[in-house]
Every structure is written in C-alpha cells, then in structure tokens.
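Just below is one structure, and these are the notes that go with it.
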Amino acid sequence: MQKKRVVFNYPSHLVDQPVISKLVKDYDLTVNILRARITPKEEGRLVLEMEGKRSALEAGLNYMKEIGVEVQPLAQDVKWYEDRCTHCTACISVCHPQALDVNRKTMEVSFNRDKCIACELCIPVCPYQAMEILF
Amino acid sequence: MAKTIEEINEKIRRGKAVVLTAEEIIDYAAEKGVKKTAQEVDVVTTGTFGPMCSSGAYFNVGHSKPRIKLGGGRTYLNDVPVYTGLAAVDFFLGATAMPEDDPRNKIYPGKFSYGGAHIIEELVSGKDVRLTATAYGTDCYPRKSLETYISLKDMNEAVLFNMRNAYQNYNVAVNLSDRMIYTYMGVIQPKLGNANYCNAGQLSPLLNDPYYKTIGIGTRIFLGGGVGYVVGSGTQHNPDVKRTEKGVPKMTSGTLAVKGDLKMMSSKWLKGTSYTGYGVTLTVGIGVPIPILNEEILQYTMIRDEEIWAQVIDYSDAYPQFIPGSLGEVNYKQLKSGRITVQGKEVPTSGLSSYLKAGEIARILKEWIEVGKFFLTQPVELLPSVDSGIVFKPLKERPIKKHH
Ligand code: SF4
Ligand code: SF4
C-alpha cells in the first residue's frame, strides 16, 4: 500500500464529472479529499490523499492525466519562505499535522512538506508572510 | 571585587574581555560559583527580536529646487502617510502607518500587508521608495508638489526612533470566547485553543537587569543590526509592579526608548510585520550588554526561564474591556515547552518574539565586544526604578462641554 498527496487541476468541462468515484471503483483507491475549490464554468482544484497499491495509484493518476486533469504533487502548492521566517513559532499551535514544527531545544522552526495538508491555517497566522499557498 | 565600566572597556581594547550570552551565563555561573564568575566575566549580552509597535523613523530628505515646505502639507512614502508637523523637509514615519486606501478591517479580518514598518525594512535594504507631497506654498517655499524616488543614501539623516521597545515581560494571550479573535498578540483560537506569548525570557534585556542598575540614558546597544542608544525609559514604563523574590516583574513593566542611525542597520533585524485583523508593526532586533560590575548584577543575569512568570489574560473580553484580572501565572519554561495549563485545560502555546533570533543577537553582540568593535557606556542617568513613584494611569475621560 502507498499513500500520495496530490493536487488535481480540472478543466471546466470535467468539473461536474464523477471522476473521483471512478478512481475509487475502477482503481480500488481510498480517497480522502483534503480541500476542494471548484467554481462553476471555471477550473476546479482539489487536494487529496490517495491510498492503494502502487500500480493502482499509477494507473489512477494516468487515467486522470488522460482525461485532461493536471496532476501535481501537493508540495508544489505550499511554500515556506525560509528567509522570511523569523522562527517566532506563531504558526506552531495551529499546524496540527506538525508540518511546521519547532525544535524545543533551539526553538528553531522547520517545515516538512510531506506532512502538510494545505489547510491554510498558518496563512493568516504568520506575521511575516513566510507561508504561501498557491491554491 | 567590583569592576568599573572603564576597566571593562580597557579589557575590550586589549581583546581580553570575557563575554557570555544571557543563556551561557546560567550554567557557567552555576558551575563556577557566583564569586569566581563575577570576577571572571565582564559582560553578559542579551537579545530580543519581537514586534514593537511604537517604533518609527525620522528623516531629513534635503531641500528641493525650488524649495518646498512639507511641514503642514501632506507627504507620503509609497502612499503611506508620514507625519509632517515639523520643519520644511523633516518628517516622521510610524511603523503602524498604512496607505489611506488600505481597507483596514472593512473586509474582516484585514490583511494589513503593507505599511510604515515595511517601508523602513525596504529603505534599510537599500530600495528606492516614492516620495510624494503636496504643500500650501509660501514666499520662501514656493513649490506646491513633489514626486520623486528616494533611498536612504540620498537622505541627510535617517534615524530609527522607537518610543517604546523591549518590554520587560508581557502578557500571555488566550481567548475564552467561542469565535476566533485577531489581535496584536496574533490570531487566537476560540475556547482556549492556543496561548500566545511575546518575550525572549531568560535572554530578554530588561529581565536580566530587573531593577535597571546598569541600563540608562546613553547605554550603547545593538539596534536593528547596527549600533544604537537607549535614550530613556520608554512610554508606559511601569517599574512598580508585582515582582518575584529575585526582583523579576511578573507582568508588563519596564520599557526602553531607543534610537540609532538607520543607515547602519540591516533589514535582517528590522522586519515589516503584518498582524491579520490588527495592523502593521515593526519587528526590531535589540541587544543590550550588561556589565558585570559586581556579584549582585551577575546574579540578576543568571535568571532562568522557569523563574520568569507571566500573566495569562483573556483577549476576548478582559483585555479589550480593560477589566483587571489574570487567569493564572505561567513561566517561560512552560511556555517554551509548547503546552501550558489554563483553567485545567491543556493549551498549546505559540511565540511572537523569536527566541532563536534573540540568541543570535546576543551572540553577535558578544562577538562585537570580543573583537573590540563595541564598547560599553556609562549611562548618564539610570532608568526610573521601583522607588520612582511612577504610576501607570488609565485615560480618565471627561465630558467635553458643547458651546453654541
Ligand atoms: S497549510 Fe496547514 S498543514 Fe500545511 S503548514 Fe500550514 S497549518 Fe500546517
Ligand atoms: S509564523 Fe511564520 S515566521 Fe513565525 S515561525 Fe511560523 S512560518 Fe516562521
């Protein structure tokens, strides 16, 4: 079993198609939608976590690409600008998956992309505009 | 045996001064003993890097040809208004100033992504900003408008002047209500969802000299990456508060007013800061050297996070309504552990003042002293202490009589 976090960019004609249920049924994947932003007649964006056999994951993602969905790994969408970060730790108490975490000995903050679920809670909390989510 | 500032400076000149940071001194003195350490160590360096709203800078931009009197007119830097109630080409830019067309909190919570503090950061990093002005015109200053780029190096003077910085201790902010609140203490989650604190604890300048026995008017300091001076106690300086046995205030207390040449500073240590729903502020790096004149002064600098207590205040009601009362006391060791207990509930903590950067400042200042490029000063006058009789007054409102 493998887990993958991805961002799907839908063209407008696919927004009302049941593509996710196809992923679940035809490719036997467990799908957990983390965030969705779909505006009618426009593009849709979906952040999700998929779990399944390695081969099934690949096949599922290929299917999405074939029908015209742009697939990106989630990490591309969340950015921590280390040079803007002052290590104040303001974000630490809102980042529940601990993607933003602090070494309690040195009080140094770090960002682990793989843990980030793009919940956006850190965005209004960071006073230095060090977190950016392109979504 | 007590030391004097002159003796310490002589050792700095000879490259022989022993300097430790306020963090290093703790274990060092515990191991070697107070007596020996007080003889050996000459200076303890402190640091803080947190948001300080009562910051700003004044400028003299030079006279244009023909001349213009900005005083009494309207002047902007990158559309942010500056204060011109001064002579022809002097003005003051406040850290919290923002463009007139910023929506503020009309779209709640406002972003406050740009303001005076960001301009200070940009100027210090060498960038050009737009200076625009309108004036009423006089016989000696005929010009009525001005539009030009300007940078720090073009100006005659550019001085950081902060009327209140480096708060000695601060509140821990929580939210008892059931909606998210947006404050100068950050975004605070409902129902005790988090607790925000804002002090460097054992590294903080005024917590290492709690009775202001070495810090005063004329104390040379690290300011914004350059050299600055304490020019006096800051506004709201309130020394006579509840203190621990070791003299450490258990709540907001002393403050510093500081100034320094902006041209010598760095944007690494002056950061434009945006508090969602609250406004713009400037995060300022300050480091104060404490001369170890005797054992008593040394003992003050040995203060540890677990000996520094702060009050937990509800920012959904008690603070805005100015209702006294604390939900309890916590110390900085607890705050830095990431969890405190308030009203029996475990609450995750977040800082607003960077302990990591505070340590970096203390180490930079230590190095400046070690290599002989920073000397200590004898203050002209110490800051007012607990016996000063200072009382921190609220505003007493009196109805204004209406005349017809
Ligand atoms: S978006 Fe959410 S999960 Fe990702 S870093 Fe920010 S708070 Fe953490
Ligand atoms: S709130 Fe922003 S500046 Fe502070 S530690 Fe988090 S990412 Fe860094």
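The values are calculated or read from the model by the stated rules, or taken from the named source; none is laboratory data. As the structure is a computational prediction, the values presented were derived from the model and not from experiment. Backbone-built Cβ (ideal geometry, glycine too); neighbour counts: all protein chains shown. To get the accessible areas, we keep the full protein, side chains included, count just its heavy atoms, and leave off ligands, DNA and RNA. Shrake-Rupley method; radii C 1.70, N 1.55, O 1.52, S 1.80 Å.
For the protein assembly as shown, carbon and sulfur atoms together expose 51% of the accessible surface, with a 1.4 angstrom probe and every protein chain in place.
Phi-derived couplings, Karplus 6.51 cos²θ - 1.76 cosθ + 1.60 at θ = phi - 60°, listed residue by residue for the stretch B:247-254: x, 7, x, 9, 7, 3, 8, x Hz, with x used for Gly and Pro. Counting only other chain Cβ atoms within 10 Å of each residue's Cβ, the peptide A:125-133 averages 5.
How far is the Cα center of the stretch B:70-110 from the Cα center of the stretch A:14-60, in Å? About 49 Å separates the Cα centre of the stretch B:70-110 from the one of the stretch A:14-60. Annotation: amide H of B:TRP269 has no partner in the under-5 Å range at sequence separation 5 or more or interchain, hydrogens built in the peptide plane. A straight Cα-to-Cα reach below 22 Å connects B:LYS213 with the lysines B:LYS3, B:LYS11, B:LYS35, B:LYS36, B:LYS242, B:LYS246, B:LYS250, B:LYS259, B:LYS366, residues fewer than 8 places away in its own chain not being considered.
Averaging the sequence gap over all C-alpha pairs within less than 8 Å and six or more residues apart, then dividing by the number of residues, gives the stretch A:77-133 a relative contact order of 47 percent. Taken over the stretch A:2-76, lysine pairs spaced eight or more positions apart, or on distinct chains, with alpha carbons under 24 Å apart number 15. Placing unit charges on the Cβ atoms of the charged side chains and taking the dipole of the stretch B:52-123 about its Cα centre, the candidate lying farthest along the positive direction among B:TYR108, B:ALA97, B:SER64 is B:SER64.
Highest mean packing first, where packing is the average number of other Cβ atoms within 10 Å per residue, the peptides A:14-23, A:85-94, B:289-298 line up as A:85-94, B:289-298, A:14-23. Cα centroids of the stretch A:80-98 and the stretch B:228-251: 30 Å apart. Calculated on C-alpha atoms, the gyration radius of chain B divided by its Kirkwood radius gives an Rg/Rh of 1.00. Neighbouring Cβ atoms from other chains, within 10 Å of the Cβ of residues in B:348-359, number 6 on average. Averaging sequence separations of C-alpha pairs under 8 Å and six or more residues apart, then dividing by the length of chain B, give the relative contact order as a whole percent. Reported relative contact order: 24 percent. Loop-located chymotrypsin sites (Phe, Trp or Tyr not before Pro) across the stretch B:249-348 with a Cβ neighbour count of 12 or fewer within 10 Å are B:PHE322, with loop assigned by DSSP. Each peptide in B:244-253, B:221-230 gets a packing score, the mean of other Cβ atoms within 10 Å over its residues, and the list from highest to lowest is B:221-230, B:244-253.
Close amide H partners of B:GLU157, meaning residues 5 or more places away or on another chain with modelled amide H under 5 Å apart, are B:ASN60. Around the amide H of B:GLY232, modelled in the peptide plane, lie the amide H atoms of B:GLY218, B:ALA257, all under 5 Å away and 5 or more residues distant in sequence or on another chain. Residue by residue, the stretch B:14-29 carries 3J(HN,Hα) couplings of 7, x, 10, 5, 9, 10, 10, 7, 5, 7, 5, 5, 4, 6, 4, 6 Hz when phi is fed to the Karplus relation 6.51 cos²θ - 1.76 cosθ + 1.60 (θ = phi - 60°); x denotes Gly or Pro. Over all other residues within a Cβ to Cβ distance under 13 Å of B:THR96, the charged ones net out to +1, with Lys and Arg as +1 and Asp and Glu as -1.
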